[in-house]
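Worksheet: the structure to be examined is printed underneath.
Nothing in this text is a laboratory measurement; each read-out follows from the coordinates by a stated rule. Source: prediction; values computed, not measured. Cβ atoms come from the backbone with ideal geometry, glycine included; neighbour counts cover every protein chain shown.
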Amino acid sequence: MAANVKQLREETDQTRMPSEEVLKNLARQVTSAKAEMDEARGEIGAMIKSAEETHNVHRKAFKLCLQLDRMDDDKRDAFLAHFDDYREKLKLDRAGKLFAA
C-alpha cells in the first residue's frame with residue numbers, strides 16, 4: 001500500500017470505514033444482481049427477435065416507442081414536435097436522403 005494512503009488510513013477515524021464483511025457481501029449482491037440483469041437482457045432480446053421474425057416488429061421503432069412511453073407527457077410532446085419538424089425540414093418522409101448535397 002502506498003505510504004501516503006497508509007498514513008491517511010492511520011489518521012482517519014477507522015469506525016467510518018466499512019468492514020471487510022460488508023464489502024464482501026455487497027460485492028456478492030452486486031455480482032448476483034448483474035447476473036440477473038444479464039439474464040433478463042438476454043430474455044428481452046429473444047422476445048424482440050421472435051417478434052421481429054414472426055410479426056415483422058421493427059426493433060428500433062419498438063425500442064423508441066418504449067422510450068417514449070417512459071417519458072412524461074410534456075417531454076414526449078416536445079420530442080415528437082421536434083422530431084416531426086426535423087423530418088419535414090430534412091425531407092425524411094419517403095423522399096430524398098438525409099443531408100443530401
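Data overview
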read-out: Count of Lys pairs (Cα-Cα under 22 Å; at least 8 positions apart or interchain) in segment 20-90; value: 7
read-out: Three-way shape label, segment 20-90, alpha-carbon gyration tensor, a/c 1.5; value: oblate
read-out: Charge tally in the Cβ shell below 13 Å around Arg41, where Lys, Arg are +1 and Asp, Glu are -1, Arg41 excluded; value: -1
